[in-house]
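Student: Shown below is the structure under consideration.
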Amino acid sequence: MIFDLVIYVLIGIGLFFNILAGIGLLRFPDVYTRLHAGTKCTTFGSIFLIGSVILLGLKMWWEKDTNGSVLALHSALALVAILLTNPVGAHAIARAAHRSGIKPAQAVIDELSEEPMNVTTDERRGGD
Amino acid sequence: MKAFIVTTIVCMIIYLILTTGSGTEVLGLWSFIELAFGLLLSVLIGFIARSVFVKDSYRMLNPIRWFLFLGYLIGPFFLAITKANLDVAYRVITGKINPGIVRIHPDLKTDLGVTMLANSITLTPGTLSVDIDEDTNDLYVHWINVDKKALERKPVECKYICGNFPKWIRRIAE
């Protein structure tokens with residue numbers, strides 16, 4: 001009973017952060033800031049969602065159902081895969097975006113294209 | 001020979017995880033035929049891919065490094081991920097951003113160390129690794145909330161971007 005409650009709470013936290021990632025994708029101005037929302041929040045949300053699935057699998061395993069072991073171990077492997085590939089994918093997208101000439105929006109400084117922006121934060125805020 | 005053994009064992013572990021529930025003969029999880037076939041495949045793959053999987057050093061064979069890595073994942077890394085998500089949540093809701101791309105010099109030498117640091121940076125508060133200078137292993141990092149104080153010294157000091165991660169990673173991977 002308490003076990004089920006823990007599982008529901010974990011699913012809730014995971015869903016909250018995944019929804020947050022979706023809202024972030026809509027609200028942020030350019031590709032880099034959207035990637036911030038898209039990688040951090042989905043990874044964190046997935047940790048909790050998969051954690052709940054692993055707990056469910058362990059519970060089934062405890063009750064002598066062999067399908068539980070399949071569920072728990074395969075989900076753990078999926079979690080490892082997500083943790084490894086999500087940042088690498090984000091890095092690849094960011095690098096490709098910068099190479100194809102997309103400047104970071106509202107940037108204070110851009111050392112990668114070797115030309116410091118003249119607009120400081122305060123001036124930009126004043127100009128808005 | 002060492003490379004072959006390492007590759008075979010890693011393949012076998014992944015095969016075992018993917019085929020759980022195939023029978024009840026071994027530990028209630030695997031069948032004998034599945035184990036035999038997995039061993040055959042692992043040996044074959046270990047033979048073919050040994051030079052791709054293991055480059056030149058056997059540093060990561062040391063179990064102390066694995067426990068350090070596990071401790072790093074559970075301790076400072078998970079804490080940083082949690083902080084990162086609260087930070088992004090705050091920025092999603094308020095829309096306050098102040099972005100920029102800065103260059104940091106983490107002073108790591110191995111490929112594995114730089115990969116781990118870049119991945120950690122991407123998942124920790126307000127930062128996203130964009131590019132790498134392969135001669136000096138400098139990282140270009142997109143920073144969502146640039147700190148004015150940090151820009152006074154070039155290249156920007158690591159403690160603003162990634163805290164004490166380079167220390168941990170140097171202990172784990174170098």
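Student: Write out, first by first residue and then by second, each pair whose Cβ atoms fall under 9 Å of each other, whose residues are 6+ apart or on separate chains, and whose first residue, in the range A:15-38, is at the interface with chain B (Cβ under 7 Å from one of its Cβ atoms) and closer than 11 Å to B:V92 by Cα while the second is of a type in the set (S, T, Y) and not in a helix (DSSP H, G or I).
Tutor: Taking only residues 6 or more apart or on different chains, the pairs are A:H36/B:T127.
Student: Are there any pairs with C-beta distances below 6 angstrom linking a residue in the range A:41-54 that is closer than 17 Å to B:L123 by Cα to a residue that is in a helix (DSSP H, G or I) and among the β-branched types (V, I, T), with the two at least 6 apart or on different chains, and if so which?
Tutor: Short answer, once both residue conditions are applied: A:C41/B:V88; A:F44/B:I81; A:S46/A:I82; A:F48/A:I13.
Student: Pairs needed: first member in the range A:67-89, among the polar types (S, T, N, Q); second member anywhere, in a helix (DSSP H, G or I); C-beta distance under 6 Å; at least 6 residues apart or different chains.
Tutor: From residues that are among the polar types (S, T, N, Q), the pairs are A:S69/A:W61; A:S75/A:I50; A:S75/A:V53; A:S75/A:I54; A:N86/A:T39; A:N86/A:T43.
Student: For the range B:84-174, give me every one of the helices (runs of 4 or more DSSP H) that falls completely inside it and has 3 or more residues that are modelled with pLDDT of 75 or more, under 22 Å from the mean Cα position of the chain (by Cα) and more than 13 Å from chain A (Cβ to nearest Cβ).
Tutor: Fully inside the range B:84-174 and qualifying: B:165-173.
Student: Inside the range B:1-31, can you point out the residues that are surrounded by 14 or more Cβ atoms within 10 Å (Cβ to Cβ) and of a type in the set (S, T, N, Q)?
Tutor: If the condition is that a residue be surrounded by 14 or more Cβ atoms within 10 Å (Cβ to Cβ) and of a type in the set (S, T, N, Q), then B:T7, B:T8, B:T19, B:T20, B:S22, B:S31 are the ones that fit.
Student: If you don't mind, another one. So which pairs qualify, if the first residue must be in the range B:67-94 and outside the structural domain of B:P125 (by TED's automatic domain parsing) and of a type outside the set (K, R), the second must be assigned to a helix (DSSP H, G or I) and exposed (fewer than 12 other Cβ atoms within 10 Å of the Cβ), the Cβ gap must be under 7 Å, and the two must be at least 6 apart or on different chains?
Tutor: none
Student: May I pose another question? So A:T85 clears everything in (1) within 8 Å of chain B (Cβ to nearest Cβ); (2) surrounded by fewer than 16 Cβ atoms within 10 Å (Cβ to Cβ); (3) closer than 30 Å to B:G95 by Cβ except one condition, right? Which one?
Tutor: It fails just one condition, (1).
Yes or no, residue by residue, for (1) part of a helix (DSSP H, G or I); (2) of a type in the set (D, E, K, R); (3) within 20 Å of the chain's Cα centre (by Cα):
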site	(1), (2), (3)
A:F3	yes, no, no
A:T43	yes, no, yes
A:P87	yes, no, yes
A:R95	yes, yes, yes
A:G101	no, no, no
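Student: Restricting to the range A:1-14, name every residue that is out of contact with any Ser or Thr (no Cβ under 9 Å at 6 or more places or on another chain) and touching a residue at least 40 places away in the same chain (Cβ under 8 Å).
Tutor: Answer for the range A:1-14, where residues must be out of contact with any Ser or Thr (no Cβ under 9 Å at 6 or more places or on another chain) and touching a residue at least 40 places away in the same chain (Cβ under 8 Å): just A:F3.
Student: When only residues in the range B:32-56 that are modelled with pLDDT under 80 and surrounded by 12 or more Cβ atoms within 10 Å (Cβ to Cβ) count, which is farthest from B:W168 (Cα to Cα)?
Tutor: Looking at residues that are modelled with pLDDT under 80 and surrounded by 12 or more Cβ atoms within 10 Å (Cβ to Cβ), I get B:R50.
Student: Does the range B:46-55 contain any residue that is in a loop (DSSP other than H, G, I, E, B), more than 30 Å from A:F17 (Cβ to Cβ) and either within 14 Å of another protein chain (Cβ to nearest Cβ) or touching a Lys or Arg at 6+ places or on another chain (Cβ under 7 Å) (or both)?
Tutor: Looking for residues that are in a loop (DSSP other than H, G, I, E, B), more than 30 Å from A:F17 (Cβ to Cβ) and either within 14 Å of another protein chain (Cβ to nearest Cβ) or touching a Lys or Arg at 6+ places or on another chain (Cβ under 7 Å) (or both), one finds none in the range B:46-55, hence no.
The values are calculated or read from the model by the stated rules, or taken from the named source; none is laboratory data. These numbers were taken from a predicted model, which means no experiment stands behind them. Because the Cβ atoms are built from the backbone with ideal geometry, glycine has one as well, and the counts that use them run over all protein chains shown.
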